[in-house]
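Just so it is clear, none of the values below were taken in a lab; they were calculated from the coordinates. In this text the structure is predicted, and so the values were computed from the model without any measurement. Note that we place each Cβ from the backbone using ideal geometry, even for glycine, and neighbour counts take in every protein chain shown.
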Amino acid sequence: MRNYKHKVFETSEFLKKHIKTPLLTGLITGTGLGESSKFLDISASFEYEDIPHFPTSTVESHYGRLLFGEIRDKPIMAMQGRFHLYEGYSPLEVTFPIRVMQALGVKTLILSNAAGGLNPEFNAGDIMIIRDHINLTGSNPLIGPNEAHWGSRFPDMSAAYDTGLMDLAEKAGKDEGICLQKGVFVGLKGPSLETPAEVRFLRSIGADAVAFSIIQEVIAAIHAGIKVLGLSTITNVHDPDRPVPATVEEIIAVAQQAAPKLEAIIKHVIENN
C-alpha cells in the first residue's frame, strides 16, 4: 500500500502542473462516449501511457486519453476510456484514477458505460440512471489495509449514487426531451457475455442492466467521499427465451448513436451541480 500511495502522489503531482483551477468534477467514459470531447473546452490532453504510473486501456473504443478542461467555467478531469478487471488489472489498478482524482480535489464523479439490458421494458439506445448496484465481480478495491486518510474502513453504501445528481439527470432528460430509464446495475467480471441462464438469474435478483465496469470505481469513490452519478447506455436487451448473439461491433454502434443524448445529460448535470 505504501508503494501504491507513493504512485498516487507522484501521478497527482505530475498532473497538478497542468491544472489552472481546483478540480470539482471527474468524468470517466466508456464505450460510445469515450471518443467524444466536443462538450469540453480542453486545456490539456495526455495519453495514458505518458502519465506516470497510469495504467493503459486495451479495449476497443476506449481511447486511453486524459483531458483537462471546462464546461461553462466548471473545471473537469475527463477520462476517455477506463480499466477493467477482465483486462488483468487488479481492483487497485482499476481504481488508481479515483485515488488520483481524490488527491486532486475532485468532489463529484460521473461515470458512463455501455450495458446489456435485463429489464424487458428497456430498449436498445436507452440511457439508464443507476440508482443502485449489485457487485458480483468477486472483487473489491478496499480489500487489504485501509488507508485511514482516504476513507473509513467500512464505508456505508446505502446511498452510493447521489440522489441530488440523479435529480439533475432526470431534469436534464425532461429539458432535452430524452426519455431516461432508472434501475439497478449489476457488475460482473467478464469478459464473456451472459448465458440465458445467467440472464434469468440476474433478473431474478432485481437487476435491470449488466456490464463489466463501474462497480470498483464507485466503491473507491464512496470510500473517498466523492459524490457519484452513474449512467448506462443500454446497447441491447437480453431475452433468455430467444437469445440473440451480441457482437462488439453492434454494441459500439448503438453506444455511439446514443452518445449525443448521454453528452447532453452529462453537460446539464455538470453545469447545474
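Highest mean first, how do 18-25, 204-211 rank when packing is the count of other Cβ atoms within 10 Å averaged over residues? Could the numbers behind the result be given before it?
Details: 18-25: 14.9, 204-211: 19.5.
Top of the packing list down: 204-211, 18-25.
Hey, if you put +1 on the Cβ of every Lys and Arg and -1 on every Asp and Glu Cβ in region 157-273, which of VAL269, ALA172, VAL218 ends up farthest toward the positive end of that dipole?
So the residue we want is VAL218.
Work through the residues other than ILE214 whose Cβ is under 14 Å from its Cβ and net out their charges, Lys, Arg +1 and Asp, Glu -1.
Values: positive: ARG82, ARG131, LYS189; negative: ASP132, ASP208, GLU217.
With Lys, Arg at +1 and Asp, Glu at -1, the neighbours total 0.
Which order, highest average first, do 6-12, 215-221, 42-48 follow once you tally other Cβ atoms within 10 Å for each residue and take the mean per peptide?
On the way: 6-12: 16.4, 215-221: 26.9, 42-48: 14.9.
Taking the mean over residues of other Cβ atoms within 10 Å, the ranking is 215-221, 6-12, 42-48.
Tell me the angle of helix 2-16 to the major Cα principal axis of the chain, expressed in degrees between 0 and 90 and rounded to the nearest ten.
The answer is roughly 80 degrees.
Per residue and in cubic angstrom, what volume does the convex hull of the Cα atoms of region 139-273 have? Before the final figure, lay out each step's value.
Values: hull volume 18.2 nm³, N = 135.
Cα-based convex hull of region 139-273, divided per residue, equals 134 Å³.
Gap in Å between the Cα centre of region 74-111 and the Cα centre of region 230-266?
Centre-to-centre distance over Cα atoms comes out at 22 Å.
Count neighbours as other Cβ atoms within 10 Å of each site's Cβ, and list the trypsin sites (Lys or Arg not before Pro) in region 56-112 that are DSSP loop with at most 14 such neighbours. Walk me through the numbers on the way to the answer.
On the way: sites: ARG65, ARG72, ARG82, ARG99, LYS107; in loops: ARG72, ARG82, LYS107.
Those that pass, being in a loop and sparsely packed, are ARG72.
For the chain, take the longest principal axis of its alpha carbons; what is the angle in degrees between that and the long axis of helix 248-272, to the nearest 10 within 0 to 90?
Taking Cα atoms only, the helix is inclined about 60 degrees.
Per DSSP H run of n ≥ 4, the term is -39500 (n - 2.57); total these for the chain, divide by its residue number, and report the mean residue ellipticity at 222 nm rounded to 500 deg cm²/dmol. Can you show the working numbers first?
Numbers: 7 runs with 84 residues, N = 273.
Here the helix-only value at 222 nm equals -9500 deg cm²/dmol.
From the P(r) of the chain, can you give the percent of Cα pairs sitting at distances over 33 Å? Present the calculation step by step, with values, prior to reporting the outcome.
Details: 5512 of 37128 pairs.
For the chain, the share of Cα pairs beyond 33 Å comes to 15 percent.
Suppose we keep just the DSSP beta bridges with both residues in the chain; what percent of those would be antiparallel, to 5? Present the calculation step by step, with values, prior to reporting the outcome.
Values: 18 of 48 bridges.
If I count the DSSP bridges inside the chain, around 40 percent turn out antiparallel.
What is the Cα coordinate range of region 74-159 on the first, second and third principal axes, sorted by size from largest, in whole angstrom?
In descending order, the Cα extents are 43, 35, 29 Å.
In region 123-273, what percentage of the DSSP-assigned beta bridges are antiparallel, given to the nearest 5?
Values: 3 of 14 bridges.
Taking every DSSP beta bridge with both residues in region 123-273, the antiparallel ones total about 20 percent.
Testing the spin-label approximation: label points 7 Å from Cα along Cα→Cβ at SER192 and LYS5. State their distance in nm.
In this crude label model, SER192 to LYS5 measures out at 4.1 nm.
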